[in-house]
1. How big is the range 134-267 in terms of Cα radius of gyration and Dmax, in angstroms?
2. Write down the percent of antiparallel bridges among all DSSP beta bridges whose residues are both part of the chain, to the nearest 5.
3. Would you kindly state how much longer the chain becomes between residue 133 and residue 373 on full extension, computed as 0.36 nm times their sequence separation minus their alpha carbon distance, in nm to one decimal?
4. Just going by the charge dipole of the chain, with Lys and Arg at +1 and Asp and Glu at -1 on Cβ, which of 308, 267, 39 is farthest out on the positive end?
5. Return the FRET efficiency for the residue pair residue 177, residue 350: r is the Cβ-Cβ distance, R0 is 45 Å, and the value is rounded to the nearest 0.05.
6. Could you please tell me the mean projected area of the C-alpha convex hull for the range 192-248, averaged over all directions and given in square nanometres to one decimal?
7. Taking the alpha-carbon set of the range 71-113, what are its Rg and Dmax in Å?
8. Calculate the spin-label point distance for residue 292 paired with residue 243, positioning each point 7 Å from the Cα along the beta-carbon direction, and give it in nanometres.
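Rule-based calculations on the coordinates, nothing more; no lab input. Source: prediction; values computed, not measured. FYI the Cβ positions are ideal-geometry reconstructions off the backbone, even for glycines, and counts take in every protein chain you see.
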Amino acid sequence: MIKKILYTLLLGITSSILYTQAQAIESEYTEEFEHVKVTTLLEHEGFLLWYAKLQGWDRELGLDIDLTIINSSGTDVLEAKRNDSSAWDITAIGAVPAFISSENVPIKIIGIANDESNATDILVPNNSDILKTRGWSKDFPYIYGDPDSIRGKNFYLRKGTSSDYTLANWLNIFGLTEDDVNIIDTQTPDIISKVNSKDADGVVLWSPENYEALKNGYQIVSNSAHVAAFVPVVFVSDYDYAEKNPEVLSKFLALYERAARLQIEDVFKLILSYKEFLRVYTGKVYYEDFCIYDLKAHPVFTLEEQISMFTSTDQYNSAMDLLEANIAKRFEKLYSKTMNPFSFFGKSFKRETTRMYLDKSIEYKKNNYMKIN
């Protein structure tokens, strides 16, 4: 009891300090800033941007980030843009929706926020017969399930997202397709409702909702990494905005890397701030065990590492090219009865994957992440 009281007091003091810092930063700068609308999901990358803005790092680069955090999916973020062209200038969404769900949303993929492969899970109730078998495939010794226990089960997930891709890779291990299970396209809050009511044979969730499922008696049968499904979160810009504002995008990427480097150098410095972020946006208290786990479960990349991942040569394709090809291959198989092969790469897509803004961002890093006049 005393421990909980002390923790509550500490969290309140931390919130007060963070709020006071934000007010001081707000009043310190009086010059004009470049306003940019950024939307992210209620996830790790949203936290790093929230943290960077709280420190006033956007202002040091001459930016004023209007940050919106939503508990939704990349598919829904793209749909919002499709319905309202002014919805956002920059967003962070999974690579899967960026590649296959961006029809009629002209975009540029400009960077990588993190790797969420270890934080995207397939979960089933702890009494599921799927849990009776582990290592059915010798190539995937950590994966639970076998064809007979999986076939016919109902899985709730958001289609066209990393969840969809992860489940497809898992099914493929057992020689199964979407025809062998029932996939129910569901919004994230509704998936949690199914979890709470114990009314789902299986769900596919990413952090922090996967933690909610674990607390409610669900168990992980696989995550994305275990089924060779690399699912990074990518930074995406409105195509026309990117063309007109290359410096803004470069500054934005440098800003994010500044926060990412703090995580790389000492993840423990971010724990209290991550607790506060989750409390503000979920209304729930997540304790240190989850915060440490979740920060470590989302590897981040330096600007130089991202540039390497975006670079192709005569000898090899870039990591991003390979990722796009793997996603295309998996979804061609998954949706072969409802879509023409690779139709999602048709003329209605205006999408470019480019390292040019990462290249430009290096100069801001060299200038100690400060505005270059």
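1. So, for the range 134-267, Rg and Dmax equal 18.5, 55 Å respectively.
2. Counting only bridges with both partners in the chain, antiparallel ones make up about 50 percent.
3. Full extension from residue 133 to residue 373 adds 80.2 nm.
4. Positive-end residue among those listed: 267.
5. Working from the Cβ atoms, E equals 0.90.
6. Spelled out: convex hull of the Cα atoms, projected over all directions, averaged, 6.3 nm².
7. Cα radius of gyration and Dmax of the range 71-113 are 9.5, 25 Å respectively.
8. 5.0
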